[in-house]
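The values are calculated or read from the model by the stated rules, or taken from the named source; none is laboratory data. Keep in mind that this is a model prediction, so the values were computed, not measured. Please note: Cβ atoms are built from the backbone with ideal geometry, for glycine as well, and neighbour counts cover all protein chains shown. Just so you know, the surface numbers come from the protein's heavy atoms only, side chains and all, with ligands and any DNA or RNA stripped out. Shrake-Rupley method; radii C 1.70, N 1.55, O 1.52, S 1.80 Å.
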Amino acid sequence: MGAISIFKCVGKEVEIISDSILEGLNISYEESNKNAYEMAILAKALKEYRNEKYCKLPFCHTVEAEAFGSKVIFDQKVGNRIEKYKINDINLFEDISEIDLNMGRIAEVLRAINILKKNEENVILNITGPFSVATSIMDSGLFYRSVRKNREKINKLLEIIESSIVEFILAGIKQGVDFISFADPVGTMDIVGPKIYKDISGQSTYNILKRVESRLGKTIIHICGKTSTSLEAIGLIEVERIKAEGQDYLDIIKNIKEERKDIKFIGHWCLNLNKSNGEIINCKIK
């Protein structure tokens, strides 16, 4: 088999929310990130504004890191970002414990999903992968130095992150999400390199997907194209190309979900593009 090309996504990583939308709803940007009711209102308004069929939560990739103890700046203009890391010394990684899904913004995200589903909305839950979470808990420089010098501690930290992400996914499924979007923007093979991806990052993502595989119910996980092609490149998934019809990509996923109950994971494409390419890539976890 030839070399696998890593997917190049042209979708926007950060969605900027305009002042006019927030003013029309009479809610603040920060509160719409923190309060379940306002979060649900904004998610529905964004769906309608963008002429989409699904509400998407959360609005950024900092929710998991904040739940681990990092501090977040809520910035409407450029997107939310980490202000202060939870860990500044790898020897203090013992301060990290699994996420409490009943506290803070991550709990509000789950409540917002529940509100939307009770109002018969379709919902996509965005999940951030382990390397992106890890480098939001600590500075990326410290993280990669620790990968070289303190591998055992990094492995233990990733185990905690993996377990927390698994529980977040399962909690989203319990709330009735239609799809889960899984992305690890800083943990793909083109970013970390083949060796680190094969030894650590890819394996960590694989661990998460494998642990939830039998517990997805009717929910399908869409793996970001960069992540799914990275996993295929190191032999952790195999793919099946399925011709499918639909008005757009999400419509195709909905249709294939009805036809193929065996499909758990799909990938090699980008949800942000949401245009039909005439096929679904079934990603089978080995």
So, in region 264-279, how many residues would count as being open to solvent by less than 20 Å² (accessible area, probe 1.4 Å) and in contact with a Lys or Arg (Cβ under 8 Å, 6 or more places away or on another chain)? 1
Would you point out which residue out of Gly246, Gly235, Gly267 is in contact with a helix residue (DSSP H, G or I) (Cβ under 6 Å, 6 or more places away or on another chain) and part of a loop (DSSP other than H, G, I, E, B)? Gly246
Search region 68-87 for residues being within 12 Å of Ala134 (Cα to Cα) and outside any strand (DSSP E or B), and hand back the single one that is nearest to the chain's Cα centre (by Cα). Phe68
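What number of residues in region 33-51 are open to solvent by 50 Å² or more (accessible area, probe 1.4 Å) and in contact (Cβ under 8 Å) with a residue 24 or more places away in the chain?
Step one: filter region 33-51 for residues open to solvent by 50 Å² or more (accessible area, probe 1.4 Å), giving 34-35, 37, 41, 44, 48-51.
Pick out the ones that are also in contact (Cβ under 8 Å) with a residue 24 or more places away in the chain and you get 34-35, 37, 44, 49.
Residues meeting the conditions: 5.
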Of these, Ala36, Ala67, Ala45, which one is of a type in the set (Gly, Ala, Ser) and within 28 Å of Ser146 (Cβ to Cβ)? Ala67
Of the conditions (1) at pLDDT below 95; (2) open to solvent by less than 10 Å² (accessible area, probe 1.4 Å), Ile124 satisfies every one except a single condition; which number is it? (1)
Taking region 164-215, which residues are open to solvent by less than 40 Å² (accessible area, probe 1.4 Å) and over 16 Å from the mean Cα position of the chain (by Cα)? Gly176, Met189, Val192, Gly193, Tyr197, Ile200
Considering only residues that are open to solvent by 80 Å² or more (accessible area, probe 1.4 Å), closer than 27 Å to Ser146 by Cα and free of Cβ contacts under 8 Å to residues at least 60 places away in the same chain, which ones fall in region 87-121? Asn88, Leu92, Glu94, Asp95
Note on Lys53: of the conditions (1) in contact with a helix residue (DSSP H, G or I) (Cβ under 8 Å, 6 or more places away or on another chain); (2) under 25 Å from Met103 (Cβ atoms); (3) of a type in the set (D, E, K, R), unmet is (2)
Pairs returned, first residue in region 255-275 that is farther than 15 Å from Ala244 by Cα, second residue that is outside any loop (DSSP other than H, G, I, E, B) and among the β-branched types (Val, Ile, Thr), beta-carbon separation under 6 angstrom, 6 or more apart or interchain, are Phe265/Ile221; Phe265/Ile223
Say whether the condition of being of a type in the set (S, T, N, Q), under 17 Å from Ala107 (Cα atoms), open to solvent by 10 Å² or more (accessible area, probe 1.4 Å) and outside any helix (DSSP H, G or I) is met by at least one residue in region 25-32. no
Residue list for region 249-263, restricted to those being among the hydrophobic types (A, V, I, L, M, F, W, C) and open to solvent by 40 Å² or more (accessible area, probe 1.4 Å): none
Residue list for region 239-248, restricted to those being under 20 Å from Ile180 (Cα atoms), acidic (Asp, Glu) and either modelled with pLDDT of 95 or more or open to solvent by 40 Å² or more (accessible area, probe 1.4 Å) (or both): Glu240
For region 166-214 the number of residues that are closer than 25 Å to Ala36 by Cα and not small (Gly, Ala, Ser) is 14
Go through (1) in contact (Cβ under 8 Å) with a residue 60 or more places away in the chain; (2) in contact with a helix residue (DSSP H, G or I) (Cβ under 6 Å, 6 or more places away or on another chain); (3) not polar (S, T, N, Q) one by one and return the number of the condition Ile160 breaks. (2)
